[in-house]
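Novice: My questions all concern the structure below.
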Amino acid sequence: MNPSTVILAGLLGSILVTAIVYAVIARAGRRRRQAENLSAIDFARGSFASQLNRGVEMGELLLQLVEALRDTFKLDAAELWLCEDGELKLVAAEPRADRDPIALTEAELSIAANARVSSAAWAKVGMPAVLGGRVSSNLRLAPISHSGQLFGLIVAERGRRAESLAIEADATLEEVAREVGVAVNKARVDAAL
């Protein structure tokens, strides 16, 4: 056999092996990311609603939810704000944080209730007080709403130097916010009755 042919066959073989190994690693990474994203959704869908129906305190459930979000997305911080009397109030944060309530105008309430998961750039225009000095972070904000009414806001935060949240995170945050919106609406209706 010609030495050039042997070298060429060896190169092609190593390229093929590298491509197969890369495909296996990429597939495993996708599966891992999907499994991580499911943990926050699973908590919001199943555990959150069932525990709320059994009478577990809302504050405890919201704290568990922000812990699940922080773990799922490997966040530096996760916050859940609820809207009461035209103000957003921080009710759960991981790590724990104290932030002043944020007064919202009717226009801000309406805009936020109908917004999709957004970034800090949107918050600078739509709700600048939510930023609270966090200009050097990667933020994703997910409005918690139901039937056009704003019930709250989920804030997912990573440091500026950290990897940005993937596009898939928006879909997960949106679904978690939707599930929480339904549960908060039900809790408020039950309390009113």
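The values are calculated or read from the model by the stated rules, or taken from the named source; none is laboratory data. Predicted model, so just to flag it, every value in this text is computed and none were measured. Surface accessibility is based on the protein's heavy atoms, side chains included, excluding ligands, DNA and RNA. Shrake-Rupley method; radii C 1.70, N 1.55, O 1.52, S 1.80 Å.
Novice: Rolling a 1.4 angstrom probe over the protein chains, ignoring ligands and nucleic acids, what is the accessible area of residue 110 in square angstrom, nearest 10?
Specialist: Only protein atoms counted, so the area is about 60 Å².
Novice: Hey, another quick one. For region 57-193, with all protein chains present and a 1.4 Å probe, just round the carbon and sulfur fraction of the accessible area to a whole percent. Intermediate values should be presented prior to the final figure.
Specialist: Numbers: 3360 of 6820 Å².
Reported share for carbon and sulfur atoms: 49 percent.
Novice: Top to bottom by accessible area (1.4 Å), largest first, where do 106, 79, 60 land?
Specialist: Values: 106 145, 79 5, 60 85 Å².
So the residues, ranked largest to smallest area, are 106, 60, 79.
Novice: Let me ask something else about it. By how many nm would the segment from residue 186 to residue 2 lengthen if fully extended, with 0.36 nm per residue of separation less the alpha-carbon distance?
Specialist: Working: separation 184, 0.36 × 184 = 66.24 nm, distance 7.70 nm.
Stretched out fully, the residue 186 to residue 2 stretch lengthens by 58.5 nm.
Novice: Still on this structure: Could you rank 170, 76 by how accessible they are, 1.4 Å probe, largest area first?
Specialist: Values: 170 35, 76 80 Å².
The ranking, largest first, comes out as 76, 170.
Novice: If I stretch the segment between residue 107 and residue 85 completely, what's the gain in nm (0.36 nm per residue apart, minus their alpha carbon distance), one decimal? Intermediate values should be presented prior to the final figure.
Specialist: Numbers: separation 22, 0.36 × 22 = 7.92 nm, distance 1.42 nm.
My answer for the length gained is 6.5 nm.
Novice: Could you compute how much accessible surface residue 105 exposes when probed at 1.4 Å, giving the result in Å² to the nearest 10?
Specialist: Accessible surface of residue 105 is approximately 70 Å².
Novice: Here is a further query. Accessible area per residue, 1.4 Å probe, Å², for region 53-122: what's the number?
Specialist: Details: 3750 Å² over 70 residues.
That works out to 54 Å² per residue.
Novice: Could I ask something else about it? So which lysines can residue 89 reach, going by Cα to Cα under 23 Å and dropping same-chain residues fewer than 8 places off?
Specialist: Of all the lysines, those that pass the test against residue 89 - Cα under 23 Å, at least 8 places apart if same chain - are 124, 186.
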